[in-house]
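The values are calculated or read from the model by the stated rules, or taken from the named source; none is laboratory data. Since the model is a prediction, treat every value here as computed from it, not as a measurement. Cβ placement follows ideal geometry from the backbone for every residue including glycine, while neighbour counts extend to all protein chains displayed. The accessibility values were calculated without ligands, DNA or RNA, using every heavy atom of the protein model including side chains. Shrake-Rupley method; radii C 1.70, N 1.55, O 1.52, S 1.80 Å.
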Amino acid sequence: MSFTALAPGLSLALLAAVAAAVLGLYLLRPPPRRVVVASRLIWARVLARQQRQSEPWRWWLSLALALAIGLALTAAALRPEPGAAGAPRRLIVVLDTAPSMATLRSDGRSRFEHAREALRGLLGEGARGDRIALVDTMGMGGAPSFQEASAALASAQSLQPAAAGRPRLPDLAALAGAVADTPVLFITDGVWPQALPADARTVSVFEPAANVGITAFEVRAAATDPRRFEAFVEVANAGSEAAQVRVSIAGAGREPVQRDLTVSARDYRAFSVPVSGFAGGALRATVRAEGDAFAGDDSAWAFLPLNRFLRVALVTAGNAPLERALRLDGRLQVSVIAPAGFRAREGVDLYVFDRFAPAEAPTVPALLWRPPRSPWLPGLLPERVKPSVENWLEGHPVLDNVSLRDAQIERAAGFEVPQGVAPAAQSWTALARAGDGAALVAASASAPRRLAVGFALADSAFADTASFPVLLANAVQWLSDEPPAVLRDPGTVVVPMENARIFTPGGETPPVRHVPGATLVEAREATLFTAEAEQGRMRVIAQSLDAARSDVNASRLQASALPAGRGGQGAAPPWLWLLALAGALMLAEWLAWNRRVTQ
C-alpha cells in the first residue's frame with residue numbers, strides 16, 4: 001500500500017502518532033472529585049461490589065474501537081493507493097488524443113474515457129515519488145515535462161480527443177530529463193499507427209464500433225446551367241454490417257431535403273441533390289444511423305451563393321469582346337449603357353466601366369478599364385507606351401490562375417499607389433506593377449469593392465489570351481463579395497482578417513482572439529463562420545471530411561475487455577472504503593455505549 005498525500009515514512013509516523021494519542025487518552029485518568037458525605041458505610045459497600053464485578057474486556061473493546069476509528073479516518077485522509085510501494089520510477093506516458101478516441105464503446109463511454117481510467121489504474125500501482133512525463137499525439141497538452149503522478153493524472157483529465165487532424169508521436173528523446181532507457185507506455189485504440197520504441201508497452205482501449213459519417217459535401221453549379229446548384233454528398237460506413245442511413249440537407253427558404261439509403265459494410269455511397277430551392281447561405285448535411293458510435297463526422301457544411309444572379313451594367317461606347325465575355329457567364333444579366341446617358345440607377349449589383357468613370361463613386365462594386373481621372377479613384381500617372389507587367393500578386397483572388405506576362409499592352413496609365421506601404425495604411429492596393437513600379441492594376445477592398453485596370457482592352461492583346469475570361473470571372477466573384485468559402489480544420493480556426501467580427505449560422509458571436517493580421521476562433525465541431533471586417537466578408541467552413549477519420553475500426557490491436565465488475569463506472573477508491581469503515585465503527589461504538597457494553 002502506498003499513500004498519495006504524504007511519503008510512506010511520514011504516513012506511517014502519522015498513523016503511529018494517532019494510535020499513541022488515542023491510547024494516551026484512554027490511560028489518562030481524571031483527578032478524583034472530593035465529595036463530603038454524612039457516612040462512608042454505604043459507599044464502601046458500593047465500591048466493594050463494583051470491584052468484584054469489574055470486567056477489563058469492556059475497556060479493551062472500547063479502546064480497540066477508538067483505535068480503529070482514528071486509524072481509519074487518518075488513513076483515508078492520506079489517500080492510500082493499492083499496490084506495494086516500490087522505488088520511485090520515471091515513465092513516459094503517451095496518451096492518444098486522435099479523433100477516433102471519441103468513439104463510444106458498448107458501455108456508453110468513449111475510448112478516451114477508458115484510456116484515462118487505464119492510466120489511473122496503471123499509475124496507482126507505482127510508488128510515491130514516481131516522475132511521469134505525459135504527452136499526447138495531437139500536441140494539445142503543451143510542452144511535456146516530468147512531474148508527480150497526481151499532476152500527470154490532472155493533466156490527462158483536462159485533455160479531450162481532437163476534432164480533426166492526424167496524430168503524430170512527439171520526439172520522446174527530446175523530453176527534458178529523459179534517458180535512453182526511460183520506459184514508454186502508449187494508451188491508444190490503434191487506429192492511427194505510430195512508430196514506437198521497440199520496448200514500448202501498448203495498452204489497447206479499442207473496441208469495434210458502428211459508424212456512419214459524411215466524407216464529402218460540396219455545392220456545385222450545374223454544368224449545363226450555372227444558375228442551378230446541386231449538393232454532392234458522400235457517406236461512408238465503417239462498420240462490419242450494412243447500415244440504413246438517413247441523410248438530411250437543411251438551409252433557409254424551404255423544408256429540409258431527406259434521402260434514405262443503404263450503405264454496405266466498409267463501403268461508400270454518393271449522390272447529388274438539387275438545392276436551388278434554398279434561399280442561399282449556409283447548408284448543413286447530417287446523417288443518422290442506428291448505433292452510430294462516433295459523432296464527429298455526422299454533420300458537414302457548405303455555402304450556397306446568395307447572389308446567384310448578378311445584374312451587371314456595362315457602361316461603354318462599344319466593346320464587343322468585353323460584352324461578349326460578360327454575356328457568356330450564365331450568372332450575369334448584362335445591360336449596356338452609353339457613357340453619355342449614364343446615371344446612377346437602382347437594381348444594379350455591379351458596374352463595369354469601359355474607359356469611363358462617373359464624377360461620383362457608385363454605391364455598388366465597380367470594375368473599371370482604363371478609367372479617366374476621377375476624385376474617387378487613385379491618381380493617374382503619365383501614360384506609358386508598351387509597359388511590361390513585371391510582377392503581380394498571384395495570391396490575390398482576382399489574379400488566381402491569371403498571367404499578365406503576355407498581355408502585350410500598347411499604352412496604359414499607371415495609378416499612384418505607393419510601394420512599400422502596408423495595404424492597411426492606404427485604401428488602394430497594387431495588384432500588378434510595371435517594370436518602373438507604376439501600378440497597372442489596383443484594387444480597393446473597402447466596401448463597396450473596386451477594381452481598376454490601367455489599360456483598355458482595345459490597347460492590348462489581353463482579350464485574346466486565356467487569362468482574360470479567368471480574370472473577368474475572378475473580378476466579378478471578388479467584387480460581388482461572395483468568394484468561395486475557405487476550408488479550415490476544426491480546432492483553433494485562423495481567419496485571415498484582422499479585427500474581424502465572427503458570426504455563426506444562428507447569428508451568435510463566439511469568443512475570438514485578435515492577433516496581427518488574423519482573427520482566431522475555436523470550433524470543437526463542424527460549423528460555418530461568417531467573418532466581417534474592413535477588408536470585406538468571408539465565409540469559413542470549419543470541418544474535416546477526411547475519410548480516414550471516419551474509419552474508426554482501422555486498428556490492428558485486439559479489442560480490450562471492460563474492467564470486470566465495474567459496470568462502466570470504475571471501482572471506488574480505497575479512501576472511500578476507509579471512510580465507510582470508520583462510519584460503521586462509530587455506529588458500533590455508539591450502540592455499545594448505549595447498551596452499556598463499554599461503560
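Scanning the stretch 427-435 for any residue that is in contact with a helix residue (DSSP H, G or I) (Cβ under 6 Å, 6 or more places away or on another chain), under 30 Å from residue 299 (Cβ atoms) and buried (at least 17 other Cβ atoms within 10 Å of the Cβ) turns up nothing. Residue pairs whose Cβ atoms lie under 7 Å apart, separated by 6 or more positions or on different chains, with the first residue in the stretch 541-569 and closer than 22 Å to residue 241 by Cβ and the second at pLDDT below 85, are 562/568.
Residue count for the stretch 372-413 satisfying the condition of being more than 15 Å from residue 461 (Cβ to Cβ) and touching a Phe, Trp or Tyr at 6+ places or on another chain (Cβ under 6 Å): 4. When residue 363 is tested against (1) of a type in the set (Ser, Thr, Tyr); (2) modelled with pLDDT under 95; (3) part of a strand (DSSP E or B), only condition (3) is not met. Answer yes or no as to whether residue 592 is open to solvent by less than 30 Å² (accessible area, probe 1.4 Å), over 24 Å from the mean Cα position of the chain (by Cα) and modelled with pLDDT of 75 or more. Yes; evaluated as a whole, the condition is true for this residue.
Among residues of the stretch 278-304 that are basic (Lys, Arg), those with a beta-carbon under 7 Å from a residue that is surrounded by fewer than 18 Cβ atoms within 10 Å (Cβ to Cβ) at least six positions away or on a different chain give the pairs 284/250; 288/246.
Applying the criterion of being more than 20 Å from residue 263 (Cβ to Cβ) and assigned to a loop (DSSP other than H, G, I, E, B) to the residues of the stretch 226-244, the residue that is least open to solvent (accessible area, probe 1.4 Å) is 226. Pairs are defined by a Cβ separation below 6 Å, a sequence spacing of at least 6 or placement on different chains, a first member in the stretch 495-516 that is modelled with pLDDT of 95 or more and assigned to a strand (DSSP E or B), and a second member that is surrounded by fewer than 14 Cβ atoms within 10 Å (Cβ to Cβ) and among the basic types (Lys, Arg); no pair meets this definition. Which residues, taken from the stretch 247-303, are among the charged types (D, E, K, R), closer than 23 Å to residue 488 by Cα and open to solvent by 30 Å² or more (accessible area, probe 1.4 Å)? The answer is 284, and nothing else. Somewhere in the stretch 58-66, is a residue open to solvent by less than 20 Å² (accessible area, probe 1.4 Å) and either at pLDDT 90 or above or of a type outside the set (A, V, I, L, M, F, W, C) (or both)? Yes, because at least one residue in the stretch 58-66 is open to solvent by less than 20 Å² (accessible area, probe 1.4 Å) and either at pLDDT 90 or above or of a type outside the set (A, V, I, L, M, F, W, C) (or both).
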